[in-house]
């Protein structure tokens, strides 16, 4: 069975989609080494221009071929990502020309890679397995200027209908997406294989309670710094209010870094440290040195359905979690993660009030780690993919 995997990001790129699809590929090759042949078409690392390095254009392993398409470096802006995707689309169509596959798999956060998978699936008349990591038609009106978002939304809705209707199976990474998709596509069946915790984080999890006593605590955020995270709306004011008590360490890159740092500077905050993205082994050490892990999503209605992938690696560290999130993400944290304080997004008073609920100590979260081990989740997802391919043969 030959499977075409479409993922805009793939290791060594640092992104949720990258880690997710590489784990899934591994599960397929381990579980069905004699029957599965995979061709991954992705991009040269471009998620963060501050850390992007060239990777081999073509890599071959037993049962696996990886092709990387060169795109422009960008700062995660809508325009930059759009230009990069056009280059990816052209490269994919050129790479598959004359090839045949038994199954198409596409994982997508901003719809377009899923749309590309749907186009190829229809063209080759092969089944399509979609992995949807966000509802882009839901968020486009929030993350883009009003007039621009209003103009583009009908176009992306049409692309979404084309894409979902072309699929044979659809997986959603968040149960918060279910209501939207079931309402819009009542005749489709949806699966729920969430994001999870990679082995390197599982191996680093704490097995004992570690109490912290300090006059000044380190609050760490590590991840994308874009409009979706809205850090520029919350970190500067929080930092100003907590000088002498909290030190904010921000690690990452994205379209709102300059806006964040400008707001920090204008308020005269001396307790905010910014660092560019780091590799995951270094990140684990930084997690261990922090006192509190910080998470925030902008105050957009669309984000009430989202479950941030960052939560999984945050939780397994055992560190206290301070999260500005609403909707399904809030409910998930409240029911699944001990020693986590949830506050209203972009609300300083709510953030400071809920901070007091945290117990500043590191604790084992063994039950959470067992439930959301990525290898286990991806093994079950791989079974569904193979079953779809076998049914079509």
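The values are calculated or read from the model by the stated rules, or taken from the named source; none is laboratory data. Keep in mind that this is a model prediction, so the values were computed, not measured. In this analysis, Cβ positions are derived from the backbone assuming ideal geometry, glycine residues included, and neighbour counts consider all displayed protein chains.
What to note about this one:
- Close pairs (8 angstrom Cβ cut-off, 6 or more residues apart or separate chains): outside the structural domain of residue 37 (by TED's automatic domain parsing) and within 27 Å of residue 34 (Cα to Cα) in the stretch 49-62, modelled with pLDDT under 80 and outside any strand (DSSP E or B) anywhere: none
- Any chance residue 162 is outside any helix (DSSP H, G or I), in the same structural domain as residue 6 (by TED's automatic domain parsing) and modelled with pLDDT of 95 or more: no
- Qualifying residue in the stretch 14-22 (condition: modelled with pLDDT of 95 or more, farther than 23 Å from residue 86 by Cβ and part of a helix (DSSP H, G or I)): yes
- Only listed residue being within 20 Å of residue 127 (Cβ to Cβ) and under 25 Å from the mean Cα position of the chain (by Cα), chosen from 371, 384: 384
- Search result, residues across the stretch 303-320 that are under 17 Å from residue 194 (Cβ atoms) and touching a strand residue (DSSP E or B) at 6+ places or on another chain (Cβ under 8 Å): 308, 310, 311, 312, 313, 314, 315, 316
- Test: residue in the stretch 300-307 that is in the same structural domain as residue 216 (by TED's automatic domain parsing) and closer than 24 Å to residue 215 by Cα: no
- Filter pass, residue 154 being buried (at least 20 other Cβ atoms within 10 Å of the Cβ) and either on the phi > 0 side of the Ramachandran plot or more than 23 Å from the chain's Cα centre (by Cα) (or both): no
- Taking the stretch 243-261 as the range and being closer than 22 Å to residue 288 by Cβ and surrounded by fewer than 22 Cβ atoms within 10 Å (Cβ to Cβ) as the test, the residues that pass are 245, 246, 247, 249, 251.
- Evaluation of residue 98 against (1) on the phi < 0 side of the Ramachandran plot; (2) not in a helix (DSSP H, G or I) (one fails), failing number: (1)
- Among (1) touching a residue at least 60 places away in the same chain (Cβ under 8 Å); (2) within 17 Å of the chain's Cα centre (by Cα); (3) part of a helix (DSSP H, G or I) - the single one residue 142 does not satisfy: (2)
- Scanning the stretch 106-124 turns up no residue that is out of contact with any helix residue (DSSP H, G or I) (no Cβ under 8 Å at 6 or more places or on another chain), touching a residue at least 60 places away in the same chain (Cβ under 8 Å) and not in a helix (DSSP H, G or I).
- Scanning the stretch 220-251 for residues that are in contact (Cβ under 8 Å) with a residue 40 or more places away in the chain, in a strand (DSSP E or B) and within 21 Å of the chain's Cα centre (by Cα) yields a count of 6.
- One residue from 304, 233, 215 being surrounded by fewer than 19 Cβ atoms within 10 Å (Cβ to Cβ) and over 25 Å from residue 172 (Cα atoms): 215
- Within the stretch 21-38, residues that are in contact (Cβ under 8 Å) with a residue 24 or more places away in the chain reach partners that are assigned to a loop (DSSP other than H, G, I, E, B) and buried (at least 22 other Cβ atoms within 10 Å of the Cβ) with beta carbons closer than 7 Å, at six or more positions or on different chains, in the pairs 21/10; 28/36; 29/36.
- Leading residue by the ranking (surrounded by the fewest Cβ atoms within 10 Å (Cβ to Cβ)) among those in the stretch 185-200 that are modelled with pLDDT of 95 or more and outside any loop (DSSP other than H, G, I, E, B): 191
- Residue in the stretch 252-259 that is assigned to a strand (DSSP E or B) and touching a helix residue (DSSP H, G or I) at 6+ places or on another chain (Cβ under 7 Å) present: no
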